[in-house]
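Read-outs: derived from the displayed coordinates by stated rules, not from any lab. Since the structure is predicted, the reported quantities are computational estimates derived from the model, not experimental observations. All Cβ positions, glycine included, derive from the backbone under ideal geometry; neighbour counts span all protein chains shown.
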């Protein structure tokens, strides 16, 4: 439940008309209004004045080596598990180390850059996509090599890896609806919505104190089932004591808000004012698009 508030003061960015706005902390606030009404400008002021964290749908990483477990910080714990069980250095189980296949460099594929065309990718004939040397693959945990672990989905790994710390960390990915991702899957294969949820999983794992998060239209491109998952995830962030501010047109998200800030009345110079701020159920002004949609 909300316990306090943070204030954006004297906001004049773009079309904002010297606004002073209070956001409840430990709550989900949704910014609504027609396109160009000032939602993004107000969110930008929140980021600038309170060092809020933006969680967007941009690609998580451009590196071919980035996977769900490297990005969320789970990979080192899995390497340490293999090292303990086999009495060898943990570094052997990194695809960036001497344990990597020497021909593909631990990528599992060979890339060929073509000057005037997209590059070509073919499976590595030495490791057959397994990424590691036979010596490394001989080391196992519960009958699984490190390459076998990379092929597990997040949900499978939670059940099959005998380490509570690893399982706890992986459950953050399951909690955001990504239990179907393979541990070794390249992040370059993820959709915008999946990228956003991987970022949220990382925040759930790493945030050590209450944080303010800003998400700009997170339901863009999402299926209805994914929107339900997203709502649960945003609820989890709030339950962990964080403050979540979302710019959104989706009525399902708007109705779940603890607090609503409606901007307008029009776009550009016709916007930049607050038409309503308060509990969603109290927004009954049919003269605004949001009020009409909610009533």
Taking the alpha-carbon centre of each part, the distance from region 221-295 to region 141-215 in Å is 29
Counting only Cα atoms, I'd like the Rg/Rh figure for region 68-189, Kirkwood definition for Rh.
1.00
At q = 0.14, 0.28, 0.30, 0.32 Å⁻¹, what log₁₀ I(q)/I(0) does region 64-104 have when each alpha carbon counts as one equal point scatterer in the Debye sum?
-0.32, -0.99, -1.04, -1.08
Given the C-alpha centroids of region 43-68 and region 1-32, what is the distance between them in whole angstrom?
20
Computed label-point distance, nm, for sites residue 142 and residue 206 using a 7 Å Cα→Cβ extension
2.7
In degrees between 0 and 90, to the nearest 10, how far off the longest principal axis of the chain does helix 39-50 point, with axes built from Cα atoms?
70
Between 223, 232, 139, where does the largest GNM mean-square fluctuation fall for the chain, given springs only between Cα atoms within less than 10 Å?
223
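In nm², what is the average projected area of the convex hull enclosing the Cα atoms of region 119-216?
Details: hull surface 34.6 nm².
Quarter of the Cα hull surface area: 8.7 nm².
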Per-peptide average of other Cβ atoms within 10 Å, ordering 148-158, 195-205 highest first:
195-205, 148-158
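Take 29, 220 and order them by how many other Cβ atoms sit within 10 Å, fewest up front. Spell out each step's value before the answer.
Values: 29 24, 220 13.
Listed from fewest to most nearby Cβ atoms, that is 220, 29.
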Zone residues, region 162-193, relative to residue 56, backbone N less than 17 Å from point 7 Å out along Cα-to-Cβ:
191-193
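Assuming 0.36 nm per residue, please report the length gained on full extension of the stretch residue 64 to residue 117 beyond their Cα-Cα distance. Walk me through the numbers before you get to the answer.
Working: separation 53, 0.36 × 53 = 19.08 nm, distance 1.87 nm.
My answer for the length gained is 17.2 nm.
Per residue of the chain, what 222 nm ellipticity follows from adding -39500 (n - 2.57) for every DSSP H run with n ≥ 4, rounded to the nearest 500? Walk me through the numbers on the way to the answer.
Values: 11 runs with 100 residues, N = 295.
Counting only the DSSP helices, I get -9500 deg cm²/dmol.
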Relative to the longest principal axis of the chain, what angle (0 to 90°, nearest 10) does the C-alpha long axis of helix 224-239 take?
80
Treating every alpha carbon of region 1-135 as one equal point scatterer without solvent, the Debye formula yields log10 I(q)/I(0) values at q = 0.13, 0.19 Å⁻¹ of -0.76, -1.09
Report the Cα-based extents of region 176-242 along its three principal axes, largest first, to the nearest Å.
31, 26, 18
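The chain: D in µm²/s via Stokes-Einstein (Kirkwood Rh, Cα pairs, 4 °C, 1.567 mPa s)? Present the calculation step by step, with values, prior to reporting the outcome.
Details: Rh = 21.3 Å.
Answer, rounded: 61 µm²/s.
What order do you get for 242, 128 when you list them from fewest to most C-beta neighbours inside 10 Å? It would help to have the intermediate numbers written out before the result.
Values: 242 22, 128 11.
Final ranking by Cβ density, sparse to dense: 128, 242.
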With springs only between Cα atoms under 10 Å, which of 230, 137, 28 fluctuates most in a Gaussian network model of the chain?
137
Taking the Cα atoms only, what angle lies between the long axis of helix 192-206 and the longest principal axis of the chain, rounded to 10 degrees?
80
Roughly speaking, what is the stretch gain from residue 98 to residue 188, that is 0.36 nm per residue apart minus the C-alpha to C-alpha distance, in nm to one decimal?
29.9 nm
Among 207, 91, 115, which one shows the highest mean-square fluctuation when the chain is modelled as a Gaussian network with alpha-carbon springs under 10 Å?
115
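Taking the number of other C-beta atoms within 10 Å as the exposure measure, put 79, 171, 269, 208 in order starting with the fewest. All intermediate terms of the calculation are to be shown ahead of the outcome.
Values: 79 20, 171 17, 269 10, 208 5.
The order, fewest Cβ neighbours first, is 208, 269, 171, 79.
Considering all projection directions equally, how large on average is the shadow of the alpha-carbon convex hull of region 35-94, in square nanometres? Display every interim value, and only then the final one.
Numbers: hull surface 26.0 nm².
Approximately 6.5 nm², given one-decimal rounding.
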